[in-house]
Amino acid sequence: MATWHKAVLAAVLGVAVTAGAGLAVAQADVIKARQDGMKAQGAAMAAIKKVVDENGPAANAVAPAETIAATAAKIPGLFPQGSDKGAETWAKPEIWANWADFEKQAAASKAAAEKLAASAKAGNMDAVKADFAALGGTCGSCHRPYRTPKS
Ligand code: HEC
């Protein structure tokens, strides 16, 4: 296959297009990518919590809320079928048994983050606080069924 074909395929599939062991490597990469993304979600939540605790400025919650929305949109793509193996992961097989629900949970998290970003842009701290609590709820309601708690 021509090199550019490989590059295009890799971009489309989001995985390395190599023979044999390549698949296991790609699996490990996707697991790492989603764990990094989730860690960034946690950091963004902490940034918003600071705004809530300090009662403002609401504008400081805009960027982290937008980060959470953008990453939430990518969540389903970071959980290809069978990626509960290949690297250390806390993803449960229930994800693929309930795929439509898993996608719904990701969409709910994205919507909650977008609502929070809008409230923050409007400078409405009361709404920012309520939206922050609601957004946190969407993280938990996906983690409970689909993530093994770290011991
Ligand atoms: C649609 C489901 C879903 C949503 C929504 C979700 N998560 Fe996760 N999260 C997971 C799964 C599954 C894992 C385990 C991934 C793995 O280990 O491969 C995880 C892992 C994590 C981790 C651990 C990362 C690590 O490896 O150290 C953190 C932190 C995290 N999520 C934070 C958040 C925050 C904050 C939110 C909300 C803003 C959120 N998540 C929303 C499914 C979700």
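General observations
- Note on residue 54 and residue 143: with the Förster distance fixed at 30 Å, the Cβ-Cβ geometry gives a FRET efficiency of about 0.70.
- Gain on full stretching of the segment that runs from residue 81 to residue 63 - 0.36 nm per residue minus C-alpha separation: 3.3 nm
- Contact order relative to length of segment 27-146, as percent, for alpha carbon pairs under 8 angstrom and 6 or more apart: 32 percent
- Charge tally in the Cβ shell below 15 Å around residue 96, where Lys, Arg are +1 and Asp, Glu are -1, residue 96 excluded: +1
- Restricting the GluC sites (Glu not before Pro) of segment 63-151 to loop positions (DSSP other than H, G, I, E, B) with no more than 12 neighbouring Cβ atoms within 10 Å leaves 88.
- For the pair residue 88 and residue 130, label points projected 7 Å from Cα toward Cβ lie 4.2 nm apart.
- All aspartates and glutamates inside 14 Å of residue 92 as judged from Cα atoms, apart from same-chain residues fewer than 8 positions distant: 84, 101
Here, each number is a calculation from the coordinates, and none is a lab measurement. Owing to the predicted nature of the structure, the values given are computational and were not obtained by experimental measurement. Note: ideal-geometry Cβ built from the backbone for every residue, glycine included; neighbour counts use all protein chains shown.
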